[in-house]
Amino acid sequence: MLAAQDGHGGAYQRLLGEISAWLYRYFQRRLPPGDVDDAVQETLLAVHRRRHTYLPEYPLGPWLAAIAKRKWIDQLRGMGRRPTEQLSDDLAVGDHEASVMSASVLASLLEELRPAQARAIMLVKVQGYSVEDASRETGLSPSAVKMNIHRGLARLTTFIENSHDVD
């Protein structure tokens with residue numbers, strides 16, 4: 001800081017770089033992510049404007065921390081004045097009942113299968129894995145994965161056809 005006060009441009013650039021790193025850490029612990037950059041920039045401007053007030057016989061850290069604290073408080077005050085957007089009561093929200101019911105029915109159907117069959121069907125038919133990727137994931141050969149899918153789907157078909165409570 002002394003060299004920067006004396007007009008040494010390289011020292012001033014280095015000082016600002018080191019201060020910036022400290023300020024980012026300081027504000028990241030205290031502010032929402034979207035407000036950190038603004039607080040750092042405001043503090044750097046304040047340091048630039050007030051650098052002549054730094055007294056070399058005192059440590060730089062507390063001087064910087066005092067400025068950062070004031071800018072943090074300013075940022076918090078500004079956040080309190082931001083208009084909040086009210087959500088209307090007629091906001092369209094999708095009905096998730098069908099998705100939840102489908103997931104529940106699928107889980108209960110897969111419980112009727114052998115674990116290898118259920119896993120192969122989940123990986124390939126539900127999650128979109130290729131047979132080769134499912135083979136690597138399960139440790140089975142690609143033909144074993146295909147066989148588990150075929151037999152599992154056949155077993156599910158028979159189970160559904162014999163169920164009287166399925167519409």
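The values are calculated or read from the model by the stated rules, or taken from the named source; none is laboratory data. Computed from a predicted model, the values in this text were never measured in an experiment. Quick reminder, even Gly has a Cβ in these numbers, built from the backbone with ideal geometry, and neighbours come from all protein chains shown.
In the range 96-103, the condition of being farther than 30 Å from THR158 by Cβ and either touching a Ser or Thr at 6+ places or on another chain (Cβ under 9 Å) or not assigned by TED's automatic domain parsing to the domain that holds ARG151 (or both) is met by at least one residue.
Could you go through the range 20-28 and let me know if any residue there is modelled with pLDDT under 85, in a helix (DSSP H, G or I) and out of contact with any Lys or Arg (no Cβ under 8 Å at 6 or more places or on another chain). The answer is no, given that none of the residues of the range 20-28 is modelled with pLDDT under 85, in a helix (DSSP H, G or I) and out of contact with any Lys or Arg (no Cβ under 8 Å at 6 or more places or on another chain).
Checked against (1) assigned to a helix (DSSP H, G or I); (2) within 25 Å of GLY80 (Cβ to Cβ), ARG51 meets all criteria but (2).
Quick one: which residue in LEU45, LEU76, LEU64 is part of a helix (DSSP H, G or I), at pLDDT 85 or above and within 29 Å of the chain's Cα centre (by Cα)?
Step by step, each of LEU45, LEU76, LEU64 is checked, and only LEU76 is part of a helix (DSSP H, G or I), at pLDDT 85 or above and within 29 Å of the chain's Cα centre (by Cα).
Pull up the range 112-167, narrow it to residues that are of a type in the set (Asp, Glu) and either under 23 Å from SER102 (Cβ atoms) or part of a loop (DSSP other than H, G, I, E, B) (or both), then point me to the one that is modelled with the lowest pLDDT. It comes out as ASP167. Mind checking whether some residue in the range 90-99 is of a type in the set (Val, Ile, Thr) and either surrounded by 11 or more Cβ atoms within 10 Å (Cβ to Cβ) or modelled with pLDDT of 90 or more (or both)? No, because not a single residue in the range 90-99 is of a type in the set (Val, Ile, Thr) and either surrounded by 11 or more Cβ atoms within 10 Å (Cβ to Cβ) or modelled with pLDDT of 90 or more (or both). Consider the range 98-122. How many of its residues are within 31 Å of the chain's Cα centre (by Cα) and more than 20 Å from VAL145 (Cβ to Cβ)? Of the residues in the range 98-122, 9 are within 31 Å of the chain's Cα centre (by Cα) and more than 20 Å from VAL145 (Cβ to Cβ).
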